[in-house]
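To keep things clear, I will list the structure first and then write my remarks on it.
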Amino acid sequence: MIHAAPGGPTQIFLAPGLSPEAGEIQAHNLGLDRPIPEQYIKWLGNFLQGDLGKTFKNNIPVGDLLWPTVGNTMVLMGAAWLVSLLIAIPWGIYNSTREYGLSDQTASFISYLGFAMPTFWFGIILQQFFAMKLDLLPLSDMWTMGEEGNLSDLFLHLVLPVTVLSITFLAAYVKYSRASMLEVLNQDYIRTARAKGLKERKVVFRHALRNALIPIITILGLDLPILVGGAALTESVFNWPGMGRLFVEMAVSREYSVLMSITLVVSVMVVIGNLIADILYAIVDPRVQFGQGGSAS
Amino acid sequence: MTRSFRKGLSFFSVLALLATLLAACSGNKTPESSPSGSASPTPSASASSPSPSASASAEGPVDGGTLTVSTFSDIVAVNPLFVGDTSSGDLETLIFAKLYDLDRNANLTAEPWSLAAELPQISADGLTYTIKLKTTPKWTDGKPVTADDVIFTFDTARNADAGSPLVSQYDKIEKMTKVDDQTVEIKLKQVYAPFQYALYQSIVPAHVLKDVPVKELKEHTYGVDPAKTVTSGPWKWTEWKKGQYIAVESYPEYWGEKKPHIAKVITKIYADQQTEVQALMKGDVDMTQAIPLTQIEAVKKDEDITVILAPGPQYEYVQFNFKDENFPDKYSPFKGQKTRQAIAYALNRQGMVDNVLKGSGALMNSPFLPGSWADPGDAAVNYEYSADKAKALLAEDGWKPGKDGILEKDGHRFSFELQYNSGNSRREGVSAIIQQNLKDVGIEVKPRGIDFATWIDQNITPGKFPAILLGWSLTNPDPDAESIFSSKYFPPAGQNGGWYVNEKLDEMWVKGQQVIDQAERAKIYKEIGKEISIDLPYVFLYQYGLPQGVNTKVVKWAEDDRPESQLAYGYLFHAINWWVDRK
């Protein structure tokens, strides 16, 4: 699709005013005058040999740009994901047992806030308050200069962006876990369990939760690529050196090979995400089995 | 000539827009007076900000420390033969020694940190330049900087196979002769006064690059790999964490008599300008190159930060197209000189400077920067805002009000499309003012924002547009602008995209190149300034600057070494003499 966008890499980095002929020579050297399918096959061929290509503008191997950002994004998104899960699932379960109680209402309110609030705006507000006014937390970046590798420094830098991202994740996960728990709690077998005189705690955690987790795992599996894709806006506001930011920058300068590689990494994560979800199904629900002919699910 | 279109901050708007979409789906030692005598004192920091040097003399410079500056885009490559973006240019300024430097008024000088020992000797016929190098300069790998390096640099730059953007600066060279290790004689094909500024150039090491085939130079790791980039400037490049920061450090082997005070300069890259400004206010960075106009007021409130609000080496203009086929009704309404003068009168240029530029601009009446040695001063006509004068001139030129109030002449309505690059908030604001101002005198303007790259490619380079709002960035301080205004330079070879013809001016531009004596040249540019401001191929609007923010509690300089907004890389003017103080 990016090829359909007007302009091209040469037009952006050639000195404006250079003659069109010079532009064509440049395009030829870079292989941009070849048909798009041919460009793609060439890229694919190189890729299979482990070569992601080089940037048009300064011949830097794409891997040099991409791989560090993948790790950085995973740190940020992983932390946000974990925090939101650790809060959302227990909270959703609790709320499902006390429907429309105060805690449930609060969760609803936060969900609306999380869905409706623009993340960059929320990020700026947090920066203003905690970094500028109170001077408690760092404003942006992943590390303080010269502190690379210091985990407590990283932790401090994570607080604000993780808060911003968690709110959005949290909003969805609380809703999902509550809804899916409620559905399970109305099933006949729960009534049976209760009728047998089991303790409510045992009913909720042993019988209901395992079944309620299945739809949640599906959502989590689908969300995994987002973790890698990063959140371009949050990464920009907090100057986090991640993949979302890289994608935006490279889209502006039309660095096709970087964009393709990012898309590829995200696609791989979609596959891995689904695989992990499948494995988790089997763990939480023994009825799900693999590779034994007809399945029971 | 290195002039490039000024894209302004549009990159950021594009970035912000894209991000939104994506989120939705996922110097000089002593301020010498200019020899021309015509130069007025350079407009320095505006009255609204305290002088940044106020506290400088209290304590002397201290050695050591780190200066952290911020930027909004990563470097591309820092090989001086290919530098085309300002971030790379900033880094080049820190790590490369130039043959000559510029003083505050853009005169060529040989500074203690310049490779040349003295100003070039120019032969009486104006054709031969003799350059004498210092004996002391050394590359970071210990080899001496010699005449061979100078010859290699210029030779490569003028070699079309290298693809250097500098080619037009050096293509007038006939031959170069190495007289001895420290002396180069350059003979030009013709007298060409702007050549002096081609000597304001970083030199690359011949011993590192001479065996690289010329066509492969651009792809070479020199300029992207800090370890392989052998330089001769006050700092050496030690680190590049792509997308995050660039670090340069002073080194004990530096050859100069004058050593840099600052031990380390870190350039941090920010993706979001809001965060960049916040980082300046928090103290994460000590200096930022461009504060968005919308945030200036907020930054000024911070006592530690000094905002340097001075117009820079770039100006904006409205350009007319004289070619009939570029208009829907095959008729260019701009052919009458009085019509163009009327438009100049009709535009409230001071209003644009006050309301849109918020003090970071100054009016321009000619293509020469106010305060530079070529500034024609009062010789250029200043069209003061007057709708009445505009209406009178339009009537004199035969325009009569039509049924809908829009002027008409020979059956043609005075209505045209004004193009600018979308996402540039300054040009958006100014085009709206132009639309309103011209409506007041009976001219209909239809502003249209176009994506920058597409616009340059489809409209600007081929000269296919009715009228444009655009800017020129004057990275080369020479006033020569023949390739923009002369009828010898129609597209595609030249940049006279408005198809403007004025034979008197054509001759004067050439004359300006053929006189070496700067005072004599200044007289010619005064004449040009007068003629061009009467004939108006452009309506010159204003020069504008990028507001520089500096934490002057930390960053210190002596008055003579303060940043110079009028120079292309003046924001790091004499940085070798600056120091940091974190007490």
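The values are calculated or read from the model by the stated rules, or taken from the named source; none is laboratory data. On a predicted model such as this, the values are computed, not experimentally measured, just so you know. As a convention, Cβ positions derive from the backbone with ideal geometry for all residues, glycine included, and neighbour counts pool all protein chains shown. For the accessible areas, the whole protein counts, side chains as well, though only heavy atoms, and no ligand, DNA or RNA atoms are used. Shrake-Rupley method; radii C 1.70, N 1.55, O 1.52, S 1.80 Å.
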Kirkwood calc, the range A:62-284, C-alpha pairs only, radius in angstrom 19.2
Karplus ³J(HN,Hα) for the range A:130-143 (6.51 cos²θ - 1.76 cosθ + 1.60, θ = phi - 60°; Hz, whole; x = Gly/Pro) runs 7, 9, 7, 6, 7, 6, 8, 10, x, 6, 7, 6, 9, 9
Dipole of the protein assembly as shown (Lys/Arg Cβ +1, Asp/Glu Cβ -1, origin at the Cα centre): which of B:Ala519, A:Asn46, B:Thr339 lies farthest to the positive side? A:Asn46
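Once you order the gyration tensor axes a ≥ b ≥ c over the Cα atoms, which shape class does the range B:352-403 get: rounded for a/c under 1.5, otherwise prolate or oblate by comparing a/b with b/c? Walk me through the numbers before you get to the answer.
Values: a/c = 3.79, a/b = 1.77, b/c = 2.14.
Here the range B:352-403 falls in the oblate category.
Sort the range B:512-563 into rounded, prolate or oblate with this rule: let a ≥ b ≥ c be the square roots of the eigenvalues of the Cα gyration tensor; rounded if a/c is under 1.5, and if a/c is not under 1.5, prolate when a/b is larger than b/c, oblate otherwise. Kindly include the intermediate steps, with their values, before the conclusion.
On the way: a/c = 5.27, a/b = 1.85, b/c = 2.85.
Oblate shape, in that a/c is at least 1.5 and b/c is the bigger or equal ratio.
Would you please name the GluC sites (Glu not before Pro) within the range B:160-262 that are DSSP coil residues with at most 15 other C-beta atoms within 10 Å of their C-beta?
Details: sites: B:Glu174, B:Glu185, B:Glu216, B:Glu219, B:Glu239, B:Glu249, B:Glu253, B:Glu257; in loops: B:Glu253, B:Glu257.
Here the GluC sites (Glu not before Pro) that fit, given the DSSP loop and packing criteria, are B:Glu253, B:Glu257.
Rounded to the nearest 500, what is chain B's calculated 222 nm mean residue ellipticity when only DSSP H runs of at least 4 contribute -39500 (n - 2.57) each, over all residues? Walk me through the numbers before you get to the answer.
Working: 15 runs with 141 residues, N = 583.
Estimated from H runs of four or more residues: -7000 deg cm²/dmol.
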How big is the B/A interface in buried accessible area, both sides summed, 1.4 Å probe, to the nearest 100 Å²? 3500
Output for the range A:88-157: chymotrypsin sites (Phe, Trp or Tyr not before Pro) sitting in coil per DSSP, at most 12 other Cβ within 10 Å, listed by number, reads A:Tyr100
Is there a quick way to get the dipole size of the range B:228-292? I mean about its Cα centre, with the Cβ of Lys and Arg at +1 and of Asp and Glu at -1; what is the value in debye to the nearest 20? 180
Whole-Hz Karplus ³J(HN,Hα) for the range B:381-392, in order, using 6.51 cos²θ - 1.76 cosθ + 1.60 and θ = phi - 60°, x for Gly and Pro? 6, 9, 7, 7, 3, 7, 5, 5, 4, 4, 4, 4
Share of Cα-Cα pairs in chain B beyond 40 Å, whole percent, is 27
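Quick check for you: with a 1.4 Å probe and neighbouring chains kept, what is the accessible area per residue of chain B, in Å²? Don't jump to the answer; show the numbers that get you there.
Working: 21980 Å² over 583 residues.
Result: 38 Å² per residue.
Where the accessible area of the range A:62-284 is counted over protein heavy atoms with a 1.4 Å probe, how much of it, in %, is carbon and sulfur? Before the final figure, lay out the partial values.
Details: 7170 of 10380 Å².
Within the range A:62-284, the accessible surface is 69 percent carbon and sulfur.
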So for the range B:131-190, using the alpha carbon gyration tensor with a ≥ b ≥ c as root eigenvalues (a/c under 1.5 gives rounded; past that, a/b versus b/c decides prolate or oblate), I'd call it oblate
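For the range B:188-347, what relative contact order do you get, as a whole percent, if you take Cα pairs closer than 8 Å and at least 6 residues apart?
Working: 111 pairs, mean separation 14.2, N = 160.
Value for the range B:188-347: 9 percent.
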Accessible-area loss of at least 10 Å² (1.4 Å probe, chain alone to full protein assembly) applies in the range A:243-267 to A:Arg245, A:Phe247, A:Val248, A:Glu249, A:Ala251, A:Val252, A:Arg254
Of B:Lys389/B:Lys530; B:Lys175/B:Lys511; A:Lys133/A:Lys175, which pairs sit farther than 30 Å apart, going by alpha carbon to alpha carbon? A:Lys133/A:Lys175
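Which of the chymotrypsin sites (Phe, Trp or Tyr not before Pro) found in the range B:331-366 are in a DSSP loop and have at most 16 neighbouring Cβ atoms, other than their own, within 10 Å? Numbers along the way, then the final one.
Values: sites: B:Tyr331, B:Phe334, B:Tyr345; in loops: B:Tyr331, B:Phe334.
Those that pass, being in a loop and sparsely packed, are B:Tyr331.
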Can you give the local net charge around B:Val299? Use residues other than it whose beta-carbon is closer than 15 angstrom to its beta-carbon, Lys and Arg +1, Asp and Glu -1. -2
Would you mind estimating how fast the range B:48-161 diffuses translationally, via Stokes-Einstein at 20 °C and 1.002 mPa s with the Kirkwood radius over Cα pairs, in µm²/s? 123
Averaged across the residues of B:267-280, what count of C-beta atoms belonging to other chains lies within 10 Å of each residue's C-beta? 5
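Expressed in nm², what is the orientationally averaged projection area of the convex hull enclosing the Cα positions of the protein assembly as shown? Don't skip to the answer; put the middle values down first.
Numbers: hull surface 174.9 nm².
So the Cα hull casts an average projection of 43.7 nm².
Under a Cβ-Cβ cut-off of 13 Å, what is the net charge of the residues other than B:Ser386 that fall near it, where Lys and Arg count +1 and Asp and Glu count -1?
Spelling it out: positives minus negatives among the neighbours equals 0.
May I ask for the Rg/Rh ratio of the range B:449-536, computed from Cα atoms with Rh as the Kirkwood radius, given to two decimals?
Working: Rg = 14.3 Å, Rh = 14.2 Å.
Here the Rg-to-Rh quotient is 1.01.
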